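Worksheet for the structure shown next.
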Number of protein chains: 2
Amino acid sequence: MERFDRIKVPSAYEMVAEAIEAEIVSGRLRPGDEIGTEAALVRQFGVNRSTVREGIRVLEQGGLVRREASRKLFVCEPRAGGLSTRISRALVLQDVTFRELFDTAMVLEVGVVEGAVFHADAATLAALEQNQERLEAAVNNPVVVAELDSEFHALLARACGNRVLEMAREPAALLFFPSTEMICRRVPEGAGRMAQAHRFIIDAVKARDLELSRTWMRRHLVDWRKGFVRAGREIDEPVERIFARYALSKSQS
Amino acid sequence: MERFDRIKVPSAYEMVAEAIEAEIVSGRLRPGDEIGTEAALVRQFGVNRSTVREGIRVLEQGGLVRREASRKLFVCEPRAGGLSTRISRALVLQDVTFRELFDTAMVLEVGVVEGAVFHADAATLAALEQNQERLEAAVNNPVVVAELDSEFHALLARACGNRVLEMAREPAALLFFPSTEMICRRVPEGAGRMAQAHRFIIDAVKARDLELSRTWMRRHLVDWRKGFVRAGREIDEPVERIFARYALSKSQS
DNA sequence: AATAGCCTTTTGTCCGACAAAGCCTGCTTT
DNA sequence: AAAGCAGGCTTTGTCGGACAAAAGGCTATT
């Protein structure tokens, strides 16, 4: 048992990043505000431009500021940060299995649909209907089906009116739903069953029927799992890195 | 509807970061491996050291590499990234309410305890027992009680054997459980009830009793909420930024 | 008013340099 | 000969200055 922690001398670029972060977290700088040019920061902080730039990289990667087309630097919506992508990547590096993804999705997506039953508004319901229409029209195109399934769940998450839950489900969803494409490709009847399940879920949410919405969400996910196994995959195998790299790079933009 | 996406010309430092990231994600560089000195990277990539350094900042902040005491750079365990902290910060910036935190915790912690019923091993159960002992000995110290409560739920999450779920709950937990201290301070009987609930949860997990574990976890969380309200707080108020800043900075180390 | 061309600002990258901190190696001391 | 120390080497963090290319703004032309 040591008495003292190691002393960490903060470097200049870290202090630059922290100073700007403090302004954002405190609310003195709001999303959309400009940070100023690098030269301006050099003047204010009294450090070299290289140092300022390193600090900016930290903030950029932290999702606090954004630079558009190598131009002005401004505070960005905290949502935008692409943090989920990085969590997903960490999960892949830990060799998590599809079972873990599935079990987590079961917990989170059922929680989401419960919230949606209480909070879904007309606009989101309309968006869900539109998603459903497109899904029914595209049951023979695995790529589009996978995208629409992913969007369906994202819309539902938005509809549940809980931003914490919405964000909590994102990393798993990013790894989970892309497999839908593979499933649809190998299990022909999969897309049809999915469309049917979505239909029931939407109806249950509209009818504010908690129990029914839960039931159909569970059924929908169990179906996904069955399809996964029928497509010849093993539920306890880790999410492969190559696949994940592809899926995540697509989502990053 | 535009036909083409904007073309993004990658800058050199981004390519440096991506090149190293690719090695890590593909598994050719494993946690613990050294990346090499800045000078070595300069030679290999044929770019300036400033450029390499900017790339390194990106990777560092992304939680892929770590530099210890301003010394050698090496690939780090994906878990370490401190990403949850940043998600929590984003949530605070979005002014999420305690209700959102609570509802999410309800979904996730119940999911966690279900997993724990199936997967908890002897070592974790022992750790939970030890946590319980310390909790019962400290019911009069709000600071310690809050820490132990937070640890209790983290242990349970570890016990559930699902790293995806474990990581999904972290951002909410980081914002949620610190309030326990405030509650214990203002509601004297709170800590005792908490110890009792923990006791029942541990026993239910040990007995592999799914339904009982669920029931007590729900009860435990509902209790937290009652305490929150009895402490004079409003469940629909946003998590304050000052509080969050304090809580998160503590957790970062 | 719209456009083309010019000028200015800003970013991305490069070069070279140096102090401070860690690491290593060889020397001194016991 | 082993342990301890000092000095030298390596590497990081920071600095100052420089320049091409892109973006933005301004003016004159049609």
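Quick notes
- When the Gaussian network model of chain B links Cα atoms closer than 10 Å, the mean-square fluctuations of B:Arg49, B:Arg199, B:Arg71 top out at B:Arg71.
- Summary for A:Arg30: label point 7 Å along Cα→Cβ; distances to the equivalent points in the other copies, ascending, 5.2 nm.
- Structure-based [θ]222 nm, chain A - -39500 (n - 2.57) summed over DSSP H runs of at least 4, per residue, nearest 500: -22500 deg cm²/dmol
- Carbon/sulfur fraction of accessible area - region A:12-80, other protein chains in place, 1.4 Å, %: 47 percent
- Each semi-axis of the equivalent ellipsoid for the protein assembly as shown is √(5λ) with λ an eigenvalue of the Cα gyration tensor; in descending order they amount to 35, 32, 23 Å.
- Scaled against 2.2 N^0.38 Å for its residue count N, the alpha carbon radius of gyration of region A:1-104 is 1.37.
- Residue by residue along B:113-120, Cβ atoms of other protein chains within 10 Å of the local Cβ number 1 on average.
- Region B:83-252, accessible surface, carbon-and-sulfur percent (1.4 angstrom probe): 54 percent
- Looking at chain A, the accessible area is 49 square angstrom per residue; that uses a 1.4 Å probe and ignores ligands, DNA and RNA.
- Partner chain coverage, peptide B:94-106 - average Cβ within 10 angstrom: 5
- Chains B and A, summed buried accessible surface - 1.4 Å probe, Å², nearest 100: 4700 Å²
- Across the options A:Trp216, A:Leu155, A:Val144, the greatest Cα extent toward the positive end of the charge dipole of region A:139-248 (unit charges at beta carbon of Lys, Arg, Asp, Glu) belongs to A:Trp216.
- Area accessible to solvent at B:Leu148, 1.4 Å probe radius, in Å²: 10 Å²
- What separates the Cα centres of region B:7-49 and region A:1-38 is a distance of 25 Å.
- For the residues of A:8-17, the average number of beta carbons from a partner chain within 10 Å of their own beta carbon is 1.
- Two numbers describe the Cα atoms of chain A: Rg and Dmax, which are 22.1, 67 Å.
The values are calculated or read from the model by the stated rules, or taken from the named source; none is laboratory data. Computed from a predicted model, the values in this text were never measured in an experiment. Here Cβ is always computed from backbone atoms with ideal geometry, including for glycine, and neighbour counts include all displayed protein chains. In case anyone asks, the SASA skips ligands and DNA or RNA and just uses the protein heavy atoms, side chains included. Shrake-Rupley method; radii C 1.70, N 1.55, O 1.52, S 1.80 Å.
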